[in-house]
Amino acid sequence: MVENGSYAELKMEKLSLQDLPGVGAATAEKLEQAGYRDLISIAVATIGELVETTGVTETVARKMINAARDSMKMGFETGTEMLRKRQAVAKISTGSNSFNTLLGGGFETGAITECFGEFGSGKTQVGHSLAVQTLKQEPDATIVYIDTENTFRPERIQQFAEGAGLDSEEVLEKIMVARAYNSDHQMLLTEKIESLITEQGKKVRLIVVDSLTSHFRAEFIGRGTLAERQQKLNRHMHQLSKLAASYNICVYVTNQVMAKPDQFFGDPTTSIGGHIVGHASTFRIYLRKGKKGTRVAKLIDAPNLADGEVCFEVAENGLRDVA
Ligand code: GTP
Ligand code: MG
């Protein structure tokens, strides 16, 4: 006899895509090619997505989604369990006290934080600073830095490390940088992160994806490709939020937007990836250039913090408060 509580879990592990109604070998293959590899990905998919990727009818897609949902264990946790998890959340300092205050102490682990803003607004500098500050707080941590624009600079890490009073060589040794050449490569690298943790025993505490969207933007041009891009980006965000939640990792992603709203979509907060990236990120920060070379960070969206705005500076050896 299987206990009530564990029954659903066992069932979920045994089921594969082909156990879903209407899914034969051919459909399963299409699903897998499109990145739907487990039942969870089907359970959270939309009918439209499945129809588009596999050519099944809406009725079949609905049945697949419902069956996948039924097969999963109930997604409820007690408040006590939630509180226990919240207590494990660490806040990573940005280096600037005012920036930290805006975020209730710093960038949270177990969540995705997105900074979006125009070129030169400081998104990449924030990534470098977080890498160093994470290691200052947890010297045995590993940082994973996925660099899509070739803007990771070990020299900047050295400067920030010195500013934080750390041995720069030791810091560089703990940052694993991977250059992503296209969006598939970016997703493949993300997929590999789990094995760093489970097989190599690395304590990954921060993942930086800088930039999250540049390859997607470059590869999917034109209206016809928008749905495909959003779908892929959705899967990428799903990968990242799973890592954040499963291993209590701080995930930091950057996203470029144009300065002039009227030349873009009308609203600077409509960054690329739009609602997909927005919904998957727990915290969203809009960065812009302020007066006299300062930077302004504006909190757009946060579950338990007041929206607000602060000024900081990108200095030679770290992010600093404005005097
Ligand atoms: P894109 O990736 O182009 O969208 O820009 P970004 O938002 O990533 O901007 P980034 O973080 O690269 O910020 C660049 C700015 O950081 C520069 O304009 C400088 O103001 C500042 N900065 C970069 N390097 C240094 C440095 O060595 N010393 C100081 N003081 N400031 C620096
Ligand atoms: Mg950058």
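Read-outs throughout are calculated quantities, based only on the coordinates presented, and are distinct from any laboratory measurement. In this text the structure is predicted, and so the values were computed from the model without any measurement. Counting neighbours? That spans all protein chains shown, and the Cβs are built from the backbone with ideal geometry, glycine included.
A few notes on this one:
- Net +/- balance of residues flanking I143 in space, Cβ distance below 9 Å, scoring K and R +1, D and E -1: +2
- Straight Cα distances below 15 angstrom link K123 to the aspartates and glutamates E114, D147, E149, D210, E313, with same-chain residues fewer than 8 positions distant left out.
- Sorting C250, C311 from the fewest to the most surrounding beta carbons within 10 angstrom yields C311, C250.
- Less than 5 angstrom separates the built amide H of V208 from those of V144, Y145, I146, Y252, all sequence-distant by 5 or more or on a different chain.
- Note on the chain: percent of Cα-Cα distances in each 10 Å bin, starting at 0 and stopping at the bin with the largest distance, equals 5, 24, 32, 24, 12, 3, 0, 0.
- Cα-based Rg / Dmax (Å) for region 37-89: 15.4, 45
- Counting only Cβ charges, +1 for Lys and Arg and -1 for Asp and Glu, the dipole size of the chain around its Cα centre is about 540 debye.
- Pairs from K174/K242; K174/K232; K136/K298; K91/K292; K63/K298; K30/K85 whose Cα-Cα separation, in the structure shown, is over 32 Å: K63/K298; K30/K85
- The chain: most fluctuating residue of V144, V132, V89 per GNM, C-alpha cutoff 10 Å: V89
- Note on the chain: helix-only mean residue ellipticity at 222 nm, from DSSP H runs of 4+ residues weighted -39500 (n - 2.57) and normalised by residue number, equals -13000 deg cm²/dmol.
- Relative contact order, percent, the chain [alpha-carbon distance under 8 Å, six or more residues apart]: 21
- ³J(HN,Hα) computed for each position of region 92-106 - Karplus, 6.51 cos²θ - 1.76 cosθ + 1.60, integer Hz, glycine/proline x: 9, 5, 7, x, 10, 4, 5, 4, 4, 4, 3, 9, x, x, x
- Computed as a quarter of the hull surface, the mean projected area of the alpha carbon convex hull for region 123-249 stands at 7.6 nm².
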